[in-house]
1. Lysine pairs in the protein assembly as shown with Cα distance under 15 Å, only those 8 or more apart or on different chains: how many are there?
2. Per-residue mean of other chain beta-carbon atoms within 10 angstrom of the beta-carbon, peptide B:73-80?
3. Can you give the angle from 0 to 90° between the axis of helix A:164-186 and the longest principal axis of chain A, with both taken from C-alpha atoms, to the nearest 10?
4. If you take the Cα Rg of chain B and divide it by 2.2 N^0.38 Å, with N the number of residues, what do you get?
5. Please compute the Kirkwood hydrodynamic radius of the stretch A:61-197 from all pairs of different C-alpha atoms, in Å with one decimal.
6. Tell me, in nm to one decimal, what length is gained between B:GLU73 and B:MET108 on full extension, where the rule is 0.36 nm per residue of separation less the Cα-Cα distance?
7. Give the angle, between 0 and 90 degrees and rounded to the nearest 10, that separates the Cα long axis of helix A:88-118 from the longest principal axis of the Cα atoms of chain A.
8. Over chain B, with a Gaussian network built from C-alpha contacts below 10 Å, which listed residue (B:TYR14, B:TYR43, B:TYR106) shows the highest mean-square fluctuation?
Amino acid sequence: MTKISMLQNEIQKETETSLLGFWIYMMTDCIVFASLFAVFIVLRNNTAGGKAGSDLFSLSFILTETIILLTSSFTSGLALLAAQRSHLKQTVIWLCTTGLLGTSFLILELHEFTKLDHSGNSWRGSAFLSSYFTLVGTHGLHITIGLLWLFATLGYLYKKGLNEVSVRRITMFSIFWHFLDIVWIFIFSVVYLLGVI
Amino acid sequence: MNTSMYQSKAFKAYLCGFFLSLLLTLFAWFIVWRHVSSGHVVYSHLFIRISIVACAVIQMLIQFVFFLHLGREKKPRWNLHVLLAAIGVIIILVLGSIWIMDNLNYNMMNITPSQADSAF
């Protein structure tokens, strides 16, 4: 075996190990979300005489948020696909699209939070509102961290271009982003759709 | 390098996953929208609950297969094993909490807060 192919083998192994490690981290993160879901489901009717989900949530607003996040999950997959094929320009375009969609999702969520807060339904209002803000807020925090990570990756791409390390980073980011969308499917279904019926 | 990524199989898988997810999202949303805008009479509550949860679970599986390429990795498939273990923990955590707390609610229904206090 030549020295170069040995080095490539080493890098390949390192990538596989770190991807498995990241995957295991993702699973523990899912368990964190599961416990927050359990708390929300248990407390969802404890409104302390205040407003319930059916008075607070707007169906069309939620659908907009959901479609934006779903599309960004799709585009992050396309960025990975382009990165694996060493198309730098396509990678950057799809990563930027993902960032743009993710940012608009975050703005919509913050808008919803401030609207709830201003209408007197802050997280202090009731057990239902506390658990709602904790669950959706934790998801929003993950989205924020994901966006910072995305912009850091774009900076790395600008400086170093596409190599094994940047492809690995984009792979991890897309796994993270897909999982955030899967968590959001359940927030959309359990918190919002089951909340308004 | 020569073949465009938009003609590859992987791209078609992403596209397929995206459209199926979109369809399931719109379907679940539409049922709820129709139910709410008709004044809660069109469907039974049980039907709506089951279809919302079913749509969410199917969409999760679709994204696992088409976005996260589960089942197409090399053996020994550690990813799948860890995922199944996590799903087990999640089911015990969520269903167990619902089960216990609903029982608690049911058994405490006829007790006033002051009675509950004096019991301790």
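1. For the protein assembly as shown, qualifying lysine pairs total 5.
2. Details: counts 3, 1, 0, 0, 0, 5, 7, 1.
Average per residue, whole number: 2.
3. 20
4. This ratio for chain B stands at 1.62.
5. 15.8
6. Between B:GLU73 and B:MET108, full extension yields an extra 7.6 nm.
7. 20
8. B:TYR106
Read-outs throughout are calculated quantities, based only on the coordinates presented, and are distinct from any laboratory measurement. Keep in mind that what you see is a predicted model, and the values were worked out from it rather than measured. Ideal geometry is used to build each Cβ from the backbone, glycine not excepted, and the neighbour counts take in all protein chains shown.
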